[in-house]
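Engineer: Here you go, one structure.
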Amino acid sequence: MVGRNGSGKSSFAEGLELLLTGDNLRWKGRSKAWGLGWRNLHQADATSLAAELLVEGRGPLIALRAWPAGAEVGVGASMVKAKGKSEAPLATLGWTQALTTFRPFLSYNELGSMLDEGPSKLYDALSTVLGLDEFVTVQDRLTAARKGLDELVKSTKGAATALALDAEAAGATGREPRAVHLAALLKARTWDQPALQALAAGGADASRQVLATLRTLAALRAPEVEAVQRAVTTLRAAAQQADRVRGTDAARSLERARLLEQALAFHASHASEAGGAAAQTCPVCGTTNGLSADWRAKTAQEVAALTAEATAAKSAEAAVLTALREARGLVTGCGVLPTAEAGELPSLQALREAEARWLAARANETCTALAAALEAQVLDIADAVARVAAEAAAEVARREDVWRPLAERLVPWLPQAARALAAKTQVDDLKSAETWWKAATEAIRDERFLPIADRAIAIWKQLRLQSNVDLGAVELEGTSTKRRVTLKVTVDGAPADALGVMSQGELHSLALSLFLPRATLPDSPFRFICVDDPVQSMDPARVEGLARVLHETAKTRQVIVFSHDDRLPEAVRRLGLPARVLRVTRRAQSVVDVQEARDPVNGHLDDARAVLKTADLRADVKARVVPGFCRLALEAACVAVVRRRHLRAGGTHDDLDALLAEHVKLYPLMALALFDDASRQSEVLARLKKLAERGADAFQACNHGAHESFEGDLESLVYDTDRLAGAVTRLVK
């Protein structure tokens, strides 16, 4: 089964593994996120897996497992069903142990992710393909648990020591009491967790009052200079207006009106004492019968007339009062408490003095004096406030810069410290369990590996085509942290360390060499194997060896191989090995399509035809895409011819790859296919005219049309390209 990365091909392998084993090694032992994508993202209905099996002694069976919509992957269990019978648990087939011992699955995750990570990882990988993964898992868990507890205690103590030293250094200046307090708590023989918790939460902040004062000072706001300046302007304008009316008729009228108003008020308040409307003696001149009713009426009329005349004076007076009131309203304190403590702020005392002068300006009673006082003090108070606010903000920032890194380390350390205190009592029990499990694992491992070693070496010899590395023996030694793989290899007869001389492809081949003998042991109930992407990192020569090995295995087993690389099916076709090749394609909405795969030439031509038949695709897009597929078809035909000719002549895969890499353009590639000589490019068109009708035209259209829009008939181009590619391919059969 061949398909590009992301096509969904590996989902078939993983689905079969999950159906039969109830788990999947791709996400086993990893974070939960690895297993979240098991369900088709675009299918909200129920999910199911099914596989047709032919079981010896039982006949045809269907293994199946279903999940309701939204169910977790662990819900339910796999069942088997024979025709005409009810479902039964998969466990009734008796494969539970065999699925571990003779595991028929080799995923890419097993094959490649751990083989290049050192002797221990390689040991684990080989143990897994030997069916020892559960033993290794238990050993790893025991070791990891014990080491984890030891590491937890050590790392917690180390973190506490480092944090205490940093806190002590940070508090050395004496200007950050929280750091000093933290250092003392961490250096104590026993950690006072409640006190540390309180300090982390701010409850034990010895400098809280100072910080609060600093933050208040940093937020101080000075009087608005522009508003004060406007008030000063208003005061001076009011003073000028008052000066203009002072000593004028309007002013004298206002004074006389006020005097008469006072006389009227006196007359009204004392009328009852003199017998109602009777005349009264004037309190100023002593004239009898001066304040009569007639006098009252005439005086009231005169007051009204004088008041009208005094409007300008009254307006000036009102303006003065308003200007004084509004200007004094701007003269307020800055909010600095007389007893506020703010550390060593140099400007705080200067602000208090400036504030006192500023507030004293309110005592000025005239507009002119108040305006002068405000103008003289406003810049001083504004500058003093700005200096204090800046210094306070800087001091807050400095203190927080000192404390914040310490707090950020203290908060996550606290739960770690709680766990470390509870960890000490579990370490001894875990050590005893490790010792017993190590001995049991070594015995089972040696017994299981013995019948596999010879067959593994034989398979390696087939896979090592054109390799100078020869494998003499594979031995698994030790357990736990001392587990290792001894690979006895020679390079051109000289002993060498395998990990130092084996390539990634050779290590993949080694893992496959160990997997196949174990999976094909006579005791295994499975007559199939499923291998996911074994071609990864293999060079062409080794891919050919892989094809031969899989062909040999397929004589007694059904072999299912998944690959994103076309080299394996190409090798199978070139060697004439019987195989069914399926191509997996992922379409929109995660629809996965599986069809019989065609050779690369016909595959590209099919893609071109599919584009042509796409009704809702613009013509200009087709004119750009179709020639590109046609060109790929011609390139594939040329490569096939060059490859057959080169390998039949005894050439190496490496030389072939170098040759093809050197001539990637269509003209030299076609010259190689036609003449086995890339320098004869000038003869290509003449030869193609003889090789196929309209062959030269199709060749030129493919060469140019892949880079620019093709203006000819696309259907004719595909047809002519098909004929030309077939003619080229038949040059070397």
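Engineer: Name the one entry in L674, L731, L724 that is more than 47 Å from the chain's Cα centre (by Cα) and outside any helix (DSSP H, G or I).
Structural biologist: None of the others qualify; the one that does is L731.
Engineer: With respect to the numbered conditions (1) at pLDDT 75 or above; (2) touching a Ser or Thr at 6+ places or on another chain (Cβ under 7 Å), which one is the sole condition not fulfilled by V469?
Structural biologist: (2)
Engineer: Looking at (1) at pLDDT 90 or above; (2) touching a Ser or Thr at 6+ places or on another chain (Cβ under 9 Å), which one does M538 not meet, given that it meets all the others?
Structural biologist: For M538, the failing item is (1).
Engineer: Show the residue pairs meeting these rules: Cβ distance below 7 Å; 6+ apart or different chains; first residue within the range 385-399 and in contact (Cβ under 8 Å) with a residue 24 or more places away in the chain and at positive phi; second residue hydrophobic (A, V, I, L, M, F, W, C) and assigned to a helix (DSSP H, G or I).
Structural biologist: none
Engineer: May I ask you to verify whether R631 is within 30 Å of A541 (Cβ to Cβ) and of a type in the set (K, R)?
Structural biologist: yes
Engineer: Name the one entry in S48, S7, S11, S31 that is among the hydroxyl-bearing types (S, T, Y), free of Cβ contacts under 8 Å to residues at least 40 places away in the same chain and closer than 22 Å to L582 by Cβ.
Structural biologist: S48
Engineer: Could you check how many residues of the range 59-113 are in a helix (DSSP H, G or I) and among the β-branched types (V, I, T)?
Structural biologist: The total comes to 3.
Engineer: In the list R574, R586, R598, which residue meets the criterion of being within 30 Å of A44 (Cβ to Cβ), at pLDDT below 90 and of a type outside the set (V, I, T)?
Structural biologist: One residue alone meets the criteria, R586.
Engineer: Scan the range 571-623 residue by residue and report those that are within 39 Å of the chain's Cα centre (by Cα), surrounded by 15 or more Cβ atoms within 10 Å (Cβ to Cβ), of a type in the set (D, E, K, R) and over 30 Å from L647 (Cα atoms).
Structural biologist: Result: R586, K622.
Engineer: Among (1) out of contact with any Asp or Glu (no Cβ under 9 Å at 6 or more places or on another chain); (2) modelled with pLDDT under 85, there is one condition D606 misses while meeting the rest; what is its number?
Structural biologist: Of the numbered conditions (1) out of contact with any Asp or Glu (no Cβ under 9 Å at 6 or more places or on another chain); (2) modelled with pLDDT under 85, the odd one out for D606 is (2).
Engineer: Let me ask something else. Cβ-Cβ under 6 Å, sequence separation 6+ or interchain: first residue in the range 645-659 and part of a helix (DSSP H, G or I), partner surrounded by 14 or more Cβ atoms within 10 Å (Cβ to Cβ) and β-branched (V, I, T). Which pairs?
Structural biologist: R645/V732
Engineer: Also: Quick one: which strands (runs of 3 or more DSSP E) lie wholly within the range 453-547 and hold at least 1 residues that are of a type in the set (F, W, Y) and in contact (Cβ under 8 Å) with a residue 12 or more places away in the chain?
Structural biologist: By residue number, 528-532.
Engineer: Limited to the range 56-89, what total is found for residues that are surrounded by 12 or more Cβ atoms within 10 Å (Cβ to Cβ) and in contact with a Pro (Cβ under 8 Å, 6 or more places away or on another chain)?
Structural biologist: Residues meeting the conditions: 4.
Engineer: When only residues in the range 201-211 that are surrounded by fewer than 17 Cβ atoms within 10 Å (Cβ to Cβ) and out of contact with any Gly (no Cβ under 9 Å at 6 or more places or on another chain) count, which is modelled with the lowest pLDDT?
Structural biologist: Only one residue fits best here, namely A206.
Engineer: Is it the case, given these coordinates, that A649 is more than 20 Å from A701 (Cα to Cα) and surrounded by fewer than 16 Cβ atoms within 10 Å (Cβ to Cβ)?
Structural biologist: Judged against the criteria, A649 is a match.
The values are calculated or read from the model by the stated rules, or taken from the named source; none is laboratory data. Since the model is a prediction, treat every value here as computed from it, not as a measurement. Reconstructed Cβ throughout: ideal geometry from the backbone, glycine too, with neighbour counts over all protein chains shown.
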